[in-house]
Amino acid sequence: MQQHVSAETSRHPLWLLAGFWFCVVISIGVVLRRLIELIRPSHTAPPEMASLDAIFSSHAVLTAMHIIPAAIFVLLSAALLVGRSGGEWLEWLFFPFGAITGATAYAMSYWAVGGWVERSAVLVFNTWFLFSLGRAYWFRLRREPSRKREWMTRAVGILLGIATTRPVMGVFFATSSRTHLGPQQFFGVAFWIGFSINASVIELWLHSKRRTQIHQLQAVL
Ligand code: HEM
């Protein structure tokens with residue numbers, strides 16, 4: 001019966017899966033775009049884009065050290081959380097790649113286009129991400145799989161906030177002729193909005209999952 005309960009509650013609703021894959025595709029897309037730009041600068045981008053590209057090219061090694069492990073981490077997350085190919089070795093890679101992504105994200109924020117507003121968002125959400133990753137690792141050591149999975153899900157949900165910032169930035173870019181806001185003004189706001197959306201959605205999902213589990217257990221008892 002216990003098995004039945006956990007199988008029922010571990011199914012992901014369609015909206016969550018759609019949001020997850022949306023974030024994964026955006027994350028991988030931005031990494032590929034940035035890598036191509038670092039390797040072969042285009043020289044044909046509009047001036048605003050070109051100046052952003054120049055910023056990342058000025059610390060290309062750090063940028064690569066952030067985005068390559070980040071992309072690997074996102075793919076590992078997809079395999080572990082959605083694909084359910086739960087190999088020990090995938091999990092063994094998940095934690096160090098997550099830690100590298102978080103550590104390099106702090107370093108990247110030294111050049112933050114959005115200044116202190118962006119840095120403050122990185123401080124809050126990246127710390128929350130690393131804390132969640134640490135808790136997941138702790139429950140892994142204690143051999144508590146369901147709590148480990150809960151904290152892994154939380155960590156990945158927060159981290160994918162980086163993808164949600166992109167459509168938000170897109171709206172700011174599209175409306176910049178009216179608002180007269182440039183990337184320096186809106187990058188930080190987009191970071192706060194994107195990460196807040198993901199952090200809230202993942203908490204609501206984990207909360208509803210817990211409630212379902214409690215109801216199922218009550219029905220069984
Ligand atoms: C906790 C999660 C993360 C945080 C806090 C974070 C933070 C940052 C920061 C502060 C920058 C520099 C932005 C600037 O200079 O204004 C950056 C750049 C970048 N990050 Fe992350 N990052 C995270 C996760 C990810 C993930 C999961 C990916 C993709 C798989 C990613 C891909 C990139 C890319 C491609 C850039 C270069 C800028 C661009 O091309 O738009 N990051 N990140």
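The values are calculated or read from the model by the stated rules, or taken from the named source; none is laboratory data. Here the structure is a predicted model, which is why all the values come from computation and not from measurement. Cβ coordinates were reconstructed from backbone atoms using ideal geometry, including for glycine residues, and neighbour counts include every protein chain displayed. Heads up: the accessible areas ignore ligands, DNA and RNA and are worked out on the full protein's heavy atoms, side chains in. Shrake-Rupley method; radii C 1.70, N 1.55, O 1.52, S 1.80 Å.
Taking springs between alpha-carbon atoms closer than 10 angstrom, which of SER200, SER177, SER146 fluctuates most in the Gaussian network model of the chain?
Of the options given, SER177 has the highest mean-square fluctuation.
Charges on Cβ only, +1 for Lys and Arg, -1 for Asp and Glu, centred on the Cα centroid of region 2-220; of SER196, ALA219, ALA112, which one is farthest towards the dipole's positive end?
Ranked along the dipole, the leading option is ALA219.
How many percent of all Cα-Cα pairs in the chain sit more than 24 Å apart? List each step's numbers first, then the result.
Working: 11195 of 24310 pairs.
Here the tail beyond 24 Å accounts for 46 percent of pairs.
Only Lys, Arg, Asp and Glu count, each charged at its Cβ (+1, +1, -1, -1), so figure out the dipole size of region 27-136 about its Cα centre, rounded to 20 debye. Provide the component values of the computation, followed by the final result.
Working: 6 positive and 6 negative charges, 17 e Å.
Rounded to the nearest 20 debye, it is 80 debye.
May I ask you to give the percent of accessible area on region 2-220 that is carbon plus sulfur, with a probe radius of 1.4 Å? Show your work: numbers first, answer last.
On the way: 8300 of 12020 Å².
The computed percentage sits at 69.
For the chain, what does the helix formula give at 222 nm: sum of -39500 (n - 2.57) over DSSP H segments with n ≥ 4, over the residue count, nearest 500 deg cm²/dmol? Can you show the working numbers first?
Working: 10 runs with 183 residues, N = 221.
About -28000 deg cm²/dmol.
If I require 15 Å or longer along the helix axis, counting alpha carbons, and a Kyte-Doolittle average no lower than -1.0, what helices from the chain are left? Use full DSSP H segments. Before the final figure, lay out each step's value.
Working: long enough: 14-39 (37 Å, 1.98); 47-58 (16 Å, 0.47); 60-77 (25 Å, 2.16); 88-108 (30 Å, 0.75); 115-141 (38 Å, 0.56); 145-159 (21 Å, -0.61); 161-174 (20 Å, 1.12); 183-220 (55 Å, 0.20).
Those that clear 15 Å and a mean of -1.0 are 14-39, 47-58, 60-77, 88-108, 115-141, 145-159, 161-174, 183-220.
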